[in-house]
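Worksheet: one structure, shown below.
The values are calculated or read from the model by the stated rules, or taken from the named source; none is laboratory data. Keep in mind that this is a model prediction, so the values were computed, not measured. Cβ placement follows ideal geometry from the backbone for every residue including glycine, while neighbour counts extend to all protein chains displayed. Accessible surface areas use protein heavy atoms only, side chains included; no ligands, DNA or RNA. Shrake-Rupley method; radii C 1.70, N 1.55, O 1.52, S 1.80 Å.
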Amino acid sequence: MRSFIKKDILMFWRDRKELITVLVLPVLLVFILNFAFAGLFNHDKKSTIDLQLAVVNQDKEAEALEQLNKKLMNEASLEEQEATALVEQAQHIQPVPLLFDFLENKDIKNLVTVHRLKEAEAVDKIKEGDLDAILIIPDGFTAESLYAAFVGKTPTVKLQYKLEQQTNNSSALNNIIQGFMYQLNYQFAIQTIAGAKEVEVTLPEGGFEEIGTGETFTMSQYFTITMGALFALFMVATAATKTGIEIRQQVFNRILLTNSHPMQFFIGKMVSTICLVFLQIIFVIIVSNLILNIFPDRSMTFWIGIAAMAVLFSFAMSGLAAVFTAIILRMNNIDASNGIFMLVILLFGIIGGNFVPIQMLPDWLQQIGEWTPNGLYLVMFTDWIQFEELSSLAKPSMLLIGFVILSTMAGLALFPKRGITK
Amino acid sequence: MLEAIHLSKNFKGKKAVQDVNLYLGHGESVGLIGPNGAGKSTTISMISSLIKPTSGEIKLNGVNTITKPGEIRKILGVVPQELALYQELSAYENLHFFGSIYKMQGKELKDSIEQALEIVGLTDRQKDLVKTFSGGMKRRVNIAAALLHRPEILILDEPTVGIDPQSRNHILETVRMLNEKEGTTILYTSHYMEEVEQLCDRLYIMDHGEIIAAGTKAELLSILSTEDTFKLELSKLDGNFIERVRAIEGIRKVEAFQLQMKIIAKKGSNLISELVHLADQQHIQIINFQTETPSLEDVFLHLTGRTLRD
Ligand SMILES: Nc1ncnc2c1ncn2[C@@H]1O[C@H](COP(=O)(O)OP(=O)(O)OP(=O)(O)O)[C@@H](O)[C@H]1O
Ligand SMILES: [Mg+2]
């Protein structure tokens, strides 16, 4: 077995053209695309997302101060005098208008178009597809937010954010909204603790960067991931084509004559693919990072996560290699098989978001795309870069593992039992 | 030790090999000869368990190798007609890979690689990539790869096609040495009659998927041995002389061209003295006289009406 793996890796190493293709080309493309799109990203980024957001205000703002007063006295057991003082202060803070200001300030405005609607209307429009999401300001929001801010608790009444469909695009907006709420609560808390008489709320700034707990997901990161993944796909096709050459060069027959089980050959291909894809992915990330500093100041945990995802993706690619290898052994025709491989790669590449950001595709395609190994990988990576949360990786990694198992089984099922039978 | 019985192979209805019987005795060197497309490679692939015959049997010491290919693969070395090598790997790396999947390792593997390289005379080029080799050297590596596990039977499929005379001689010598010194049983395929004549004790002649003749060299030559061929060069030649020669008993055919005559006669008709006498009578001098022994090539021509390479 070791011999098979060693041979495959050695062969790859010797194939300088291929080596340059899968290592240098993606880095070069990341570099070029990064510069080509840099302008676009920095200036026009807002226009790439245009979310139609319905804001349903159910809060009776007029009654807010009275509600707050009651709450302070009943729940926080404040003296009437203290309560009145706080309510006095609270007059200056109006969370609902603040939220509207925030949504309509110049940065966010480019991303979101706000429609003030009644809930029923909003739901209808969502159904018709005119709107993407609803933000509900529930009854008692003002009073609850202010109350929570004064007593330093997390509010129990929260903004409700509903999406028509979960997409990368809308999750970005989700971050904005969450960031706003977080910021809002945070500001109140700070001011209360500091005991300032005049409460002044500063609005969080718009845009991706400054908002939310998550990190930025930049264009250069996107290119690094997608180009790495895309060329990994190409590498899988090349690995399978090399099997085709092994047949044509008769070395496959020679291998059979040694009484080696064809399965060794098969597993050898898979393992060498895992190694090669992993090295390639890591190479592209590290070199891109060195040149463009795309992941500045990230923690060790972050990098371990990256490595783990690369491993997972490598396994997925080995599953694909298994299927491709079986196909080429079956078809016994390198050119035709190669045609099929390129088609699959192109398809995976497009719907998995490797050529254009997935958001540019129609919804149904986006949904299929999230089932491709490279699509899943991209989703995982995007989440990890922004939030570094293990929980968000669970679903895509399960799906990826599922892909590995399924494709390996498909490869095994397709694998000709007695070597190649002419 | 190895026999093929009524072996046939159809490719999508096209008959590539038909009813071939072939036997390899222990330590023998056997040739399989035939023109392009005769079915030699197909026969060999079947014998070496790489393709399944449409019908017929192959037995190794009485055991069916079609259902149990493991045994024959163990003792068989196959040098395929096409190069079966990784071009991007060096000669040494190729041999190392094939040796290790023969489950050899450590010193045993190193030794057998060294020996195989020595046999084919490529020890000093072992580190070079196969793709940088000349055609002849590639073919020699191709042979070395089949020798690693010291096979008892070595099957070579046209190992000398398209290479320089030097490499060719080297290969022929190697095969002879393996047969004579190591006692390796050889099945050698070629469409060069002279190679097979040199190397093999016995041979099979194949054409259109069938074996049309088989036997030792002498046996095959005896197919043509009912006739003697003479060639004469004379000081002058006329119709009268030709007529008189034709009239001699036992003469079957006379051809004349300028001052040369080709005479085919029944074997043992002892007409040399008669010819000399006749020439003397006509005042013709015999400048040159040759008896021609038939070659295996002539046998092939006789059997098929075609030459081996057209
Ligand atoms: N895989 C195949 N599919 C279809 N036909 C085949 C296949 N392999 C061989 N043949 C046909 O079988 C016949 C015998 O081929 P084979 O290769 O055995 O000839 P050969 O004697 O080895 O010729 P050569 O001297 O050119 O190597 C040929 O007519 C060839 O076209
Ligand atoms: Mg042949």
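Points worth noting:
- Inter-residue pairs, beta-carbon under 6 Å, first exposed (fewer than 14 other Cβ atoms within 10 Å of the Cβ) and in segment B:104-127, second not in a helix (DSSP H, G or I), 6+ apart: B:K127/B:S90
- For A:T243, the conditions (1) touching a Phe, Trp or Tyr at 6+ places or on another chain (Cβ under 7 Å); (2) open to solvent by less than 10 Å² (accessible area, probe 1.4 Å); (3) within 14 Å of chain B (Cβ to nearest Cβ) are fulfilled apart from (1).
Quick grid of which residues meet (1) part of a helix (DSSP H, G or I); (2) more than 23 Å from A:T224 (Cβ to Cβ):
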residue: A:D335; (1), (2): yes, yes
residue: A:L347; (1), (2): yes, no
residue: A:I368; (1), (2): yes, yes
residue: A:V379; (1), (2): yes, no
residue: A:E389; (1), (2): no, no
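- Of the strands (runs of 3 or more DSSP E) lying entirely inside segment A:48-140, those carrying at least 2 residues that are open to solvent by 30 Å² or more (accessible area, probe 1.4 Å) and not hydroxyl-bearing (S, T, Y) are A:51-57, A:112-116.
- Test: A:L256 is touching a Gly at 6+ places or on another chain (Cβ under 8 Å) and within 13 Å of chain B (Cβ to nearest Cβ): yes
- Just one of the numbered conditions (1) farther than 23 Å from A:L378 by Cβ; (2) in contact (Cβ under 8 Å) with a residue 40 or more places away in the chain is not true of A:G339: (2).
- Residue in segment B:175-188 that is within 16 Å of ligand 2 (Cβ to nearest atom) and either out of contact with any strand residue (DSSP E or B) (no Cβ under 8 Å at 6 or more places or on another chain) or of a type in the set (A, V, I, L, M) (or both) present: yes
- The residue of segment B:14-25 that is farthest from ligand 2 (Cβ to nearest atom), among those that are more than 14 Å from every other protein chain (Cβ to nearest Cβ) and surrounded by fewer than 14 Cβ atoms within 10 Å (Cβ to Cβ), is B:G25.
- Sole residue being open to solvent by 30 Å² or more (accessible area, probe 1.4 Å), within 14 Å of another protein chain (Cβ to nearest Cβ), more than 16 Å from ligand 2 (Cβ to nearest atom) and touching a strand residue (DSSP E or B) at 6+ places or on another chain (Cβ under 7 Å), chosen from B:E57, B:E71, B:E28: B:E71
- For segment B:170-177, the condition of being away from ligand 1 (no atom under 15 Å from the Cβ) and out of contact with any helix residue (DSSP H, G or I) (no Cβ under 8 Å at 6 or more places or on another chain) holds for at least one residue.
- Among the numbered conditions (1) farther than 30 Å from B:H208 by Cβ; (2) within 16 Å of ligand 2 (Cβ to nearest atom), the only one that B:I44 does not meet is (1).
- Matching residues, segment B:139-174, being open to solvent by 40 Å² or more (accessible area, probe 1.4 Å) and away from ligand 2 (no atom under 16 Å from the Cβ): B:R150, B:E152, B:D164, B:P165, B:Q166, B:R168, B:N169, B:H170, B:E173
- Matching residues in segment B:18-57 - criterion: being under 23 Å from B:E219 (Cβ atoms), in contact with a helix residue (DSSP H, G or I) (Cβ under 9 Å, 6 or more places away or on another chain) and within 9 Å of ligand 1 (Cβ to nearest atom): B:L32, B:G34, B:P35
- Number of positions in segment B:74-94 that are open to solvent by 10 Å² or more (accessible area, probe 1.4 Å) and either on the phi > 0 side of the Ramachandran plot or within 16 Å of ligand 2 (Cβ to nearest atom) (or both): 5
- Annotation: of all residues in segment A:264-306 being without any contact (Cβ under 8 Å) to a residue 24 or more places away in the chain and assigned to a helix (DSSP H, G or I), the one that is farthest from the other protein chains (Cβ to nearest Cβ) is A:M300.
- Members of segment A:357-389 found to be surrounded by fewer than 15 Cβ atoms within 10 Å (Cβ to Cβ), in contact (Cβ under 8 Å) with a residue 24 or more places away in the chain and not aromatic (F, W, Y), listed by number: A:D363
- Wholly within segment B:1-62, strands (runs of 3 or more DSSP E) carrying at least 1 residues that are touching a Gly at 6+ places or on another chain (Cβ under 6 Å): B:2-11, B:14-24
- Filter result (hydroxyl-bearing (S, T, Y) and touching a Ser or Thr at 6+ places or on another chain (Cβ under 8 Å)) within segment A:239-269: A:T241, A:T243
- The helices (runs of 4 or more DSSP H) located wholly in segment B:63-140 that include 2 or more residues which are under 25 Å from the mean Cα position of the chain (by Cα) occupy B:69-75, B:106-120.
- Of all residues in segment B:101-116, those satisfying the criterion of being more than 16 Å from B:K138 (Cα to Cα) and touching a Phe, Trp or Tyr at 6+ places or on another chain (Cβ under 9 Å) are B:I101, B:L109, B:S112.
- Subset of segment B:74-88 that is among the charged types (D, E, K, R) and more than 24 Å from B:K14 (Cα to Cα) - its residue that is farthest from the other protein chains (Cβ to nearest Cβ): B:K74
- Odd one out for B:S41, checked against (1) open to solvent by 30 Å² or more (accessible area, probe 1.4 Å); (2) under 17 Å from B:S190 (Cα atoms); (3) more than 14 Å from chain A (Cβ to nearest Cβ): (3)
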